[in-house]
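Novice: Below you will find the structure I want to go over with you.
The values are calculated or read from the model by the stated rules, or taken from the named source; none is laboratory data. As the structure is a computational prediction, the values presented were derived from the model and not from experiment. Neighbour counts are summed over all protein chains in view; Cβ atoms, including those assigned to glycine, are modelled from backbone coordinates with ideal geometry. Surface areas here come from the heavy atoms of the whole protein model, side chains and all, with no ligands, DNA or RNA. Shrake-Rupley method; radii C 1.70, N 1.55, O 1.52, S 1.80 Å.
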Amino acid sequence: MCSDQVATGESVEVIFNDFVIDIMTAWLSMVAVDMSLHSREPIRNNILLGPEWMMEVLQGHSDRIYESFRMERHVFLNLCGLMKARGWLKDSRYIKVDEQIGIFLFMICHKNSNRTLCERFQRSGQTISKYFTIVLLAVLKLAKEIIVPLSFDVVPNEILMDSNHKLYFKDCVGAIDGTHVHASIPLSKQIPFRGRKGGTTQNVMCVCSFDMKFTFVYAGWEGSANDCRVLSAALENPRLEFPRPPLDIFTCKYYVVDFGYASIPGFLTPFRRERYHLNDYRGRARRPRTARELFNYRHSSLRNVIERSFAALKNRFFILKHMPAFAIRKQAHVVIACCAIHNYIRDQDRRDRNFSFYGDPEYSCEPVQDEVVGDTSTEEEIEMNMLRNNIANKMARDHKMPEIP
């Protein structure tokens with residue numbers, strides 16, 4: 001037998017032995033690499049842990065806490081004190097109330113992910129999610145006490161102090177409008193949530209007073225739903241306790257609303273097919289020329305408060321523009337929580353920077369093209385149209401303009 005030839009059985013045995021040796025060598029090398037890459041060592045090993053970072057922010061420059069939590073130091077501390085006093089939040093074994101609220105605010109005020117918060121507070125993702133939900137539930141309890149309607153028997157100070165509104169809108173109790181908030185929706189359910197701009201949104205209807213506080217919030221509607229449909233659902237559902245103005249034969253209290261709503265008792269709309277938004281009247285050559293235009297201009301300047309309130313809300317809470325992939329119901333709860341904190345800051349700090357920027361009544365937000373409700377002639381609409389004509393004619397007489405026939 002030549003040296004280059006081997007028996008069949010011998011060759012198979014040698015190949016098998018070599019194969020086993022190669023497998024064992026490869027396995028041992030993989031185990032060694034795996035042990036070096038996945039050894040048991042803490043991943044959150046930053047020297048500045050969550051409590052230390054909170055202390056540094058709270059004791060540091062006032063701008064730093066405002067940049068982190070979008071509120072001044074005294075407002076943050078008062079919020080922590082309120083949550084503990086009411087029993088809505090309490091210190092846990094490892095995380096105190098101030099850090100719990102810090103986690104929540106750092107999430108809703110910035111475009112932050114769970115992983116970003118893990119690194120900032122040196123906590124696990126499970127811990128971040130847990131305390132975000134705990135604080136969210138606590139803020140929803142606050143919302144029940146702070147998002148409440150005002151008395152219909154009192155004329156708002158903002159109207160009494162403005163001569164342009166005092167004479168004509170003393171029965172106005174607030175403004176209503178809808179706004180679109182980003183929504184993270186599973187692909188199979190996205191169609192009804194797609195708004196006019198193509199993205200997935202939820203339609204949120206709010207009522208606000210003239211000091212930029214929300215008095216009613218209805219969140220969770222699909223982005224494709226129009227404003228009139230959302231309001232109708234709120235009126236028809238007694239469980240929501242929508243603050244509808246009382247129907248009185250002597251006084252007619254009402255909200256100011258835009259073209260997207262029907263002109264029914266309690267809701268005063270502008271004249272259609274006339275200039276409306278404040279920007280339409282900027283400049284001396286574009287001033288109101290008729291009674292209808294003058295009414296629309298005054299109506300727009302009064303209703304502008306809710307546009308400014310929405311702008312202040314979204315400028316403070318970036319989560320409304322980049323909503324995480326929560327359950328749809330939880331996303332609606334986040335919107336309500338943001339409105340509650342918005343009101344709380346308004347109560348605690350009248351000189352808040354964000355409110356100061358949007359507090360100018362003449363500040364004009366970018367107008368949104370509203371879906372116009374078709375003209376109808378029901379008895380209810382005729383009643384509100386007569387009220388609108390009476391107000392417009394009173395303005396016309398005071399400004400020596402031709403009245404509406």
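Novice: Got a sec? Which residues in region 297-333 would a label at residue 239 touch, if it sits 7 Å along Cα→Cβ and we count backbone N under 15 Å?
Specialist: Within reach of a label on residue 239, which here means backbone N under 15 Å from a point 7 Å along Cα→Cβ, region 297-333 contributes 329.
Novice: Once a ≥ b ≥ c are taken as the square roots of the eigenvalues of the Cα gyration tensor of region 237-291, is the result rounded (a/c under 1.5), prolate (a/b larger than b/c) or oblate (a/b not larger than b/c)?
Specialist: Judged from the Cα gyration tensor, region 237-291 comes out prolate (a/c at least 1.5, a/b above b/c).
Novice: Another one. In debye, nearest 20, what is the charge dipole magnitude of region 171-238 about its Cα centre with +1 on Lys and Arg Cβ and -1 on Asp and Glu Cβ, if you could check?
Specialist: Dipole about the Cα centre, nearest 20: 400 debye.
Novice: Taking the simple approach of a point 7 Å from Cα along Cα-to-Cβ for both residue 287 and residue 330, what is their distance in nm?
Specialist: 5.6 nm
Novice: Which value in nm describes the separation of the simple spin-label points at residue 315 and residue 152, placed 7 Å from the Cα toward the beta carbon?
Specialist: Result: 3.4 nm between the two label points.
Novice: Can you bin region 190-297 into rounded, prolate or oblate? Criterion: square roots of the alpha carbon gyration tensor eigenvalues sorted a ≥ b ≥ c, rounded for a/c under 1.5, prolate for a/b above b/c, oblate for the rest.
Specialist: Cα axes put region 190-297 in the oblate bin.
Novice: Hey, which of these cross-link pairs are over 27 Å Cα-Cα: 144/253; 130/321; 90/144; 170/213; 96/213?
Specialist: 96/213
Novice: Here's a follow-up. Return the distance in nm (one decimal) between the two label points of a simple spin-label model at residue 93 and residue 385, each offset 7 Å from Cα along Cα→Cβ.
Specialist: A separation of 7.0 nm, rounded to one decimal place.
Novice: Another question, then. Just read off the accessible area of residue 182 with the full protein assembly in place, 1.4 Å probe, to the nearest 10 Å².
Specialist: The accessible area comes out at roughly 60 Å².
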